[in-house]
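**Student:** I have a structure I would like to understand better, so I am pasting it below and will then ask my questions one at a time.
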Amino acid sequence: MFPVNDVRQNRLAWVLLFILSLIWGSSFILIKKGLVAFDAGQVGALRIIAAAVFLLPFAIQRVKRAKRKHFIVLLTVGITGSLIPAFLFAVAQTRIDSAIAGVLNAITPFWVILLGTLFFYQKISLRIAIGLFLGFAGTAVLVIAGKEGLDNVNLYGLFVIAATVCYGLILNLIKFKLSELDAITITSVSLVMTGPIAILYLLASTDFISMIGTGYQAMTSLGAIVLLGVLGTAVALVMFNKLVQIKSPVFASSVTYMIPVVAVGWGIIDGEKIVISQLMGMGLILAGVYIANKTL
């Protein structure tokens, strides 16, 4: 028999995993809608600002829970785990479909495992190694695959891959360096610390103010980005950090093989076309993630 608390924690973990797959699976279509009126830098910055503003009251309330040793790690989590990926995904989706970005995001667990092995003394079994191989093979196919098949290298997929490396590092940092802090404290303080950087970039390096006055389309795109920041970054990261703490980084990152289903669904609804070679890449990635996580 399992203790009651363990059963509840396990159920909570699966509920969080399902909700996160819906939220983050929808993030890619929101990025796409944001890019209609704003450039990639503006989308990335606005996403972080919206999340930071939403979480500011929580950060003010909880910042005293963090010790001096935590702040460098929290700033690293904010910049590497939120700010940089927000820009990388936006840049990537200027040239690749939202569905493909969602599937490429599924390689996050591989970086969790590799970086955990290299820097946090985690072990890789033969089955995990096979899963890693399949996942990276699928990633290569997706990056190479063009709209007409395997004939057009799309290097913009590498921006998504870079974002997943960031996620892999941060998941391990949260688990092994911030275990004393609760999920809301980690998320709110790290994002509020990162917010001013995004604000400075937005005001100093872009024409955001003039773009706001361009009409209905700008406001629609802004609404999509604000929703992305509040729901897809702030709320989702609180849930995700909680999931990392009650389970494991690899279990938490397995949300990424549920995300593609939602992302591809939204892409198809929005008129994106998926070719056979891309389906092959998706299949390899999802099979690899499943195999790598099965033993953990």
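**Student:** I'd like the full set of residues that are farther than 15 Å from Leu243 by Cα and buried (at least 20 other Cβ atoms within 10 Å of the Cβ), limited to segment 1-32.
**Tutor:** If the condition is that a residue be farther than 15 Å from Leu243 by Cα and buried (at least 20 other Cβ atoms within 10 Å of the Cβ), then Gly25, Ser26, Ser27, Phe28, Ile29, Leu30, Ile31, Lys32 are the ones that fit.
**Student:** What about Leu88, is it within 18 Å of the chain's Cα centre (by Cα), surrounded by 19 or more Cβ atoms within 10 Å (Cβ to Cβ) and farther than 19 Å from Phe240 by Cα?
**Tutor:** yes
**Student:** Kindly indicate whether any position in segment 262-272 is hydrophobic (A, V, I, L, M, F, W, C), closer than 25 Å to Ala45 by Cα and at pLDDT below 80.
**Tutor:** no
**Student:** From the list Ala252, Ala224, Ala263, Ala236, exactly one residue is over 30 Å from Phe176 (Cα atoms), surrounded by 21 or more Cβ atoms within 10 Å (Cβ to Cβ) and under 15 Å from the mean Cα position of the chain (by Cα). Which is it?
**Tutor:** That would be Ala263, the only listed residue that is over 30 Å from Phe176 (Cα atoms), surrounded by 21 or more Cβ atoms within 10 Å (Cβ to Cβ) and under 15 Å from the mean Cα position of the chain (by Cα).
**Student:** Right, next: Any idea which of Val36, Val53 is more than 14 Å from Pro85 (Cα to Cα) and outside any helix (DSSP H, G or I)?
**Tutor:** Step by step, each of Val36, Val53 is checked, and only Val36 is more than 14 Å from Pro85 (Cα to Cα) and outside any helix (DSSP H, G or I).
**Student:** Here's another thing I want to ask about it. Only residues that are surrounded by fewer than 17 Cβ atoms within 10 Å (Cβ to Cβ) and modelled with pLDDT of 90 or more: list them for segment 210-221, please.
**Tutor:** Met219, Thr220
**Student:** Return yes when Ser21 is under 29 Å from Ala218 (Cβ atoms), of a type in the set (S, T, N, Q) and assigned to a helix (DSSP H, G or I) and no when it is not.
**Tutor:** no
The values are calculated or read from the model by the stated rules, or taken from the named source; none is laboratory data. Just so we're clear, the structure is a prediction, and the values are computed from it rather than from any experiment. When we count neighbours, we look across all protein chains shown, and the Cβ atoms used for this are built from the backbone with ideal geometry, even at glycine.
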